[in-house]
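Read through the structure below, which is laid out as structure tokens, and then see the notes.
The values are calculated or read from the model by the stated rules, or taken from the named source; none is laboratory data. Bear in mind that the values here come from a model prediction, so they are computed numbers and not experimental data. Cβ placement follows ideal geometry from the backbone for every residue including glycine, while neighbour counts extend to all protein chains displayed. These accessible areas exclude ligands, DNA and RNA; they are computed on the full protein's heavy atoms, side chains included. Shrake-Rupley method; radii C 1.70, N 1.55, O 1.52, S 1.80 Å.
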Amino acid sequence: NFGYYLFPEFWGQGFGGEAVKAAADHLIDQGIQRLVATVTGGNHASALVLRKAGVSFSRIIRHNDTIRGELLDDEEYVRGV
């Protein structure tokens, strides 16, 4: 598992995309053939970070997450085979 959080004062500066791309590139270079990431549906900023890192939207996973007691969908993103 890999997660990240940036403090709001650093949002929109490209740090998230650079970090995710560097980590993904490193894992691919180490022989990992497929990376899978999930983002809570509607989290457009995190989805954009993944897309900028070369990770492509794959599917919606219905009711895959619960936040504050509410079932939410996740968006799945994939890079590799």
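Listed by first and then second residue, the pairs with beta-carbon distance under 9 Å, at least 6 apart or on different chains, first residue in the stretch 8-24 and of a type in the set (Phe, Trp, Tyr), second assigned to a helix (DSSP H, G or I) and surrounded by fewer than 16 Cβ atoms within 10 Å (Cβ to Cβ), are 11/45.
Can you spot a residue in the stretch 47-56 that is part of a strand (DSSP E or B) and either more than 23 Å from residue 14 (Cα to Cα) or open to solvent by 30 Å² or more (accessible area, probe 1.4 Å) (or both)? Yes; the residues of the stretch 47-56 include at least one that is part of a strand (DSSP E or B) and either more than 23 Å from residue 14 (Cα to Cα) or open to solvent by 30 Å² or more (accessible area, probe 1.4 Å) (or both). When the stretch 1-42 is filtered for residues that are outside any strand (DSSP E or B), of a type outside the set (Val, Ile, Thr), within 28 Å of residue 70 (Cβ to Cβ) and open to solvent by less than 60 Å² (accessible area, probe 1.4 Å), the ones remaining, listed by number, are 6, 16, 41, 42.
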